[in-house]
Amino acid sequence: MKNLREDAFRIIKSSIDSVLPEKAIQQELENLSLEDNIHIVAIGKAAWRMAKAAKEFLKNKVKDGIVITKYGHSQGAIGGLQIYEAGHPIPDENTIKSTKKAIELVENLREDDVVLFLVSGGGSALFELPVEGVTLEDIKKVTDMLLKSGANIVEINTVRKHLSRVKGGNFAKLVEPAKIYSLVLSDVLGDRLDSIASGPAYPDSTTIKDVEKIIKKYDLQLSEKILQALKSETPKHLNNVETRIIGSVTKVCESAAKIAQHLGYNTIILTTTLDCEAKEAGSFLASIVREEKEKERPLNTPCAIILGGETVVHVRGKGKGGRNQELVLSAARGIKGYQEVLIASVGTDGTDGPTDAAGGIVDGETVNRLQSKGIDVENVLNDNDSYHALQSIDGLVITGPTGTNVNDLTFILCN
Ligand SMILES: Nc1ncnc2c1ncn2[C@@H]1O[C@H](COP(=O)(O)OP(=O)(O)O)[C@@H](O)[C@H]1O
Ligand SMILES: O=C(O)[C@@H](CO)OP(=O)(O)O
Ligand SMILES: [Mg+2]
């Protein structure tokens, strides 16, 4: 007899472990064989682990360096490197302060200097210096508006890049004439390098025209000052940058599939680019479960159906939650009453929305359990309050900050 819940936690733990950055960083550095005069700049939720791995490999070749990560994501000193924590998903004073320190570190470098730029998702909030005339308060307001608009990360970052002195290739310009080797953990579907952490060292493929379209599409109410600031263009060509992707959602899905197979499940990866509204994804997953339960399609049971991606949430309510928690709760409605099935969804960074949970896990009993506590799923979803609902029935997945960040892993286990 399978213990689906136990297996789900094993799949989550082992697949996230498989995308921790250490091994990939060291492999890349072996291939690069960098000389001395290396300056490390690491940004994003995985910055600390990435920098630590790089420093351990490069040792005294590293002249200096800086790590800028989210609060609670650093794990102590890394010989000689400056370590900062700052606000995410909304930037704060520490974002600006640490970004200035990073600029100080690179602005007077010479041609024979090398910046090892370690990039991971979260960098957009953690690495920011607004263009002339725009304040931190302005950036906070625009970020909040964008995050709640239902815009996807490529669209969100298209706007952010055009308000920044470091995003959209601008950081690479500040590093000139020194060279940048950029190692990137991708948390953007399709691995768009100009979108991951808003591509500080990658030529920007988005334009002012794209920004205008996004403002219209999401009916963003921006002040005249911001609209003016959004009229400056980002660099489209850079000569001093080499970039490599060292991890992505594909890898986490493949690992999950391997582990599930090992645990005795027939396994399929349905997609690595799930990107619709979280609630809709939940309904779709429930329909797959029904097909499995009624007709054993597409796989014979026991089976694991795996998806990777990043859904979006139009946050309209006042509750607490995240896209993974909302997805599974939505799915719970459609699998009500079924035995021997579960659906889990987690952010590989360990943080789903502004909560301390990585995601959620539901089964055929979830809706009834909530009902017996007087909680109505529809009300919860309307108020975007998935966190409290799942918390009340032991439906949260809590991992703490994982030190990596490669989008979200979602799967069905069916016996
Ligand atoms: N109460 C809520 N319920 C569901 N989703 C939410 C809620 N509040 C915020 N979110 C979603 O969480 C997203 C940010 O989540 P987070 O996991 O931190 O993203 P990322 O890992 O991509 O930085 C926002 O874009 C928003 O859509
Ligand atoms: O920094 C960012 O722009 C995004 C994508 O890379 O990351 P996150 O969604 O984790 O904030
Ligand atoms: Mg993201």
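The values are calculated or read from the model by the stated rules, or taken from the named source; none is laboratory data. Computed from a predicted structure; not experimentally measured. A quick note on method: Cβ atoms are made from the backbone with ideal geometry, for glycine too, and the neighbour counts reach across all protein chains shown. The area values use the complete protein model at the heavy-atom level, side chains included, leaving out ligands, DNA and RNA. Shrake-Rupley method; radii C 1.70, N 1.55, O 1.52, S 1.80 Å.
Is the range 234-288 best put as rounded, prolate or oblate by its Cα gyration tensor, with a ≥ b ≥ c the root eigenvalues, rounded for a/c under 1.5, and otherwise prolate when a/b is larger than b/c, oblate when not?
oblate
Kindly report, to the nearest 10 Å², the accessible surface of His88 as traced by a 1.4 Å probe over protein heavy atoms only.
The value for His88 is about 50 Å².
For the Cα atoms of the chain, what angle does the longest principal axis make with the long axis of helix 136-149, in degrees from 0 to 90, nearest 10?
For helix 136-149, the angle is close to 30 degrees.
For Asp363, what charge total do you get from the other residues with a beta carbon under 10 Å from its beta carbon, if Lys and Arg give +1 and Asp and Glu give -1?
+1
Counting only DSSP beta bridges with both residues in the chain, tell me the antiparallel percent, nearest 5.
Given both bridge residues lie in the chain, the antiparallel proportion sits at roughly 40 percent.
Hey, if we sort Met1, Met145 by accessible area with the 1.4 Å probe, largest down, what's the order?
Per-residue accessible area, sorted high to low, gives Met1, Met145.
Among the trypsin sites (Lys or Arg not before Pro) within the range 74-142, which fall in a DSSP loop and have no more than 16 other Cβ atoms within 10 Å of their own Cβ?
Arg110
Can you compute the helix-only [θ] at 222 nm over the chain? Use -39500 (n - 2.57) per DSSP H run of at least 4 residues, normalise by all residues, nearest 500 deg cm²/dmol.
-11500 deg cm²/dmol
Looking at the range 21-105, which GluC sites (Glu not before Pro) are in a loop (DSSP not H, G, I, E or B) and have at most 16 other Cβ atoms within 10 Å?
When the GluC sites (Glu not before Pro) of the range 21-105 are filtered for loop state and at most 16 Cβ neighbours within 10 Å, Glu35 remain.
Restricting attention to the range 155-261, which trypsin sites (Lys or Arg not before Pro) occupy a DSSP loop and are surrounded by at most 14 other Cβ atoms within 10 Å?
Filter output for the range 155-261: Lys231, Lys236.
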